[in-house]
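The values are calculated or read from the model by the stated rules, or taken from the named source; none is laboratory data. Everything numeric here is computed off the predicted structure, so don't read it as measured data. All Cβ positions, even for glycine, are placed from backbone atoms using ideal geometry, and neighbour counts span all protein chains on display. When the accessible area is computed, the model is the full protein with side chains, heavy atoms only, and any ligands, DNA or RNA have been set aside. Shrake-Rupley method; radii C 1.70, N 1.55, O 1.52, S 1.80 Å.
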Amino acid sequence: MEINEIRVHFVTLPFVCEFRHSLKNGASSKNVVVEVIAQGGEVIGYGEGAPRSYVTGESLESIPESMKRLLGNGSFPWSLQEVSQIWSFVDRLPDKREHNAALCGLELAMLDALGKTECRSIMDYLPKEFMSETVFYGAVLPLGNTKRIEEMSRFIKKLRINRVKVKMGRDLQENKSIIETVCSILDKDCHLKVDVNGAWDRETALKHLPLIADYHIEVVEQPMAPGDPEIAELSSRLKACDAKTMADESACSFHEVKALVAEGHYNMVSVRLSKCGGFRRSLGIIDFLRREGIPFQVACQLGESGILSAAGRILSLLCRDALYHDGSYDDFLLRENVTKQNVSFGPGGQAGPLGGVGLG
């Protein structure tokens with residue numbers, strides 16, 4: 001397969017309503033769609049990246065320069081004959097976070113094009129030792145007023161979803177009101193996580209410990225900003241509350257994850273395709289975590305289109321040992337999409353393979 005041209009499209013995906021967390025408050029997401037044109041236009045592969053300044057430091061403005069760097073690399077496989085060329089290209093790149101969203105979009109587009117050329121699913125190119133035919137996604141609740149949280153919680157209960165992530169900010173009373181509302185509606189067997197997106201300092205974090213203990217919150221995701229030295233004390237305090245401390249924005253590359261595991265303050269890691277640079281790098285991180293006995297979740301960026309949702313579905317199906325799965329929110333979050341096919345989960349959060357070739 002000869003790659004003739006690569007195009008980058010900037011897309012704005014409007015939400016059905018505003019979605020707020022500690023680092024973002026908006027009614028849309030801005031992503032990039034990468035288009036690989038091959039065989040004189042006979043084959044077109046698509047990929048997507050979700051550049052977020054608060055995650056990898058990337059933005060829409062940085063993507064063109066990142067793509068120039070990636071395509072200018074001497075190992076880029078313009079003549080793509082087998083998947084090992086894609087893996088070799090990715091492996092030769094520096095293990096840094098600042099181009100991960102761009103790399104994710106490019107890698108997915110190449111895999112999609114190759115799969116279409118060979119009439120194969122992307123899943124055929126990936127390891128299947130931990131594969132499942134079914135994945136059960138959890139739901140995510142934003143920061144919001146009590147009425148909205150109540151409405152969303154009732155909808156989650158109606159869908160029979162029992163894994164819920166609740167976004168939290170710095171305001172203890174607001175967070176307490178949200179948790180109380182959620183727990184008053186959802187079943188007692190519901191598994192609760194909270195995601196802080198690095199908003200807490202030491203004082204704020206310690207004030208939240210009774211809330212975490214009283215409501216049996218299982219996981220606290222990225223409670224402090226990456227590199228905050230106070231995470232050592234907080235991790236110990238959370239452990240006493242029977243809660244795991246999960247790294248997200250702190251864990252965007254393999255060497256970052258390796259350093260966090262060595263430090264021992266985070267005892268769980270969130271893996272997201274765009275954040276980590278695509279399948280090759282994400283699965284490398286997951287394999288390392290498996291060897292170290294560190295639990296992980298497969299998650300998504302806020303506001304992914306059907307392209308990244310389809311890729312995330314593949315990653316989740318390859319990871320039956322993940323403790324949690326977040327993603328495939330298209331129908332629930334997006335007012336407009338870039339795909340014709342609906343890539344969303346069903347009752348109970350259940351979803352399966354999309355079928356078809358490439359991304360499906």
On Cα atoms only, tilt of 306-317 relative to the major axis of the chain in degrees = 70 degrees
Relative contact order (%) - the range 111-258, alpha-carbon pairs under 8 angstrom, separation at least six = 17 percent
Would you mind getting me the FRET efficiency between H255 and F155? Use the beta-carbon distance for r and R0 = 51 Å, nearest 0.05.
-> 0.80
Pairwise label distance in nanometres, R291 with N145, each label 7 Å out on the Cα-Cβ vector = 5.2 nm
Quick calc: nm separation of the 7 Å Cα→Cβ label points for T134 and R335 -> 3.6 nm
Mean shadow of the range 240-314, computed from the convex hull of its alpha carbons, in nm²?
-> 5.3 nm²
Provide Rg and Dmax in Å for the chain, with only Cα atoms included in the calculation.
-> 19.8, 62
Determine by what factor the alpha-carbon radius of gyration of the range 273-347 differs from 2.2 N^0.38 Å, reporting the quotient.
-> 1.14
DSSP loop GluC sites (Glu not before Pro) with at most 16 other Cβ within 10 Å: longest gap in the chain | 134-335
Can you tell me the relative contact order of the chain? Whole percent, Cα pairs under 8 Å, sequence separation 6 or more.
-> 21 percent
Rounded to whole Å and sorted largest first, what semi-axes of the equivalent ellipsoid does the C-alpha gyration tensor of the range 41-188 yield via the square root of 5 times each eigenvalue?
-> 40, 21, 12
For the range 255-319 versus the range 117-165, the gap between their alpha-carbon centres in whole angstrom = 15 Å
Where the chain is the region considered: accessible area per residue in Å², 1.4 Å probe = 41 Å²
Residue span A240 to S75: 0.36 nm per residue of separation minus Cα-Cα distance leaves a gain in nm of 54.5 nm
Please give the contour-minus-distance gain from R320 to N25: 0.36 nm per residue of separation, less the Cα-Cα distance, rounded to one decimal in nm.
-> 103.0 nm
Tabulate in residue order the Karplus-calculated ³J(HN,Hα) for the range 220-233, using 6.51 cos²θ - 1.76 cosθ + 1.60 with θ = phi - 60°, rounded to whole Hz; enter x for Gly and Pro.
-> 10, 8, 6, x, 10, 5, x, x, 5, x, 6, 4, 4, 5
Trypsin sites (Lys or Arg not before Pro), restricted to the range 264-360: which are DSSP loop and have at most 12 other Cβ atoms within 10 Å?
-> R335, K340
Would you mind telling me the share, in percent, of accessible area of the range 131-199 contributed by carbon and sulfur at probe 1.4 angstrom?
-> 48 percent
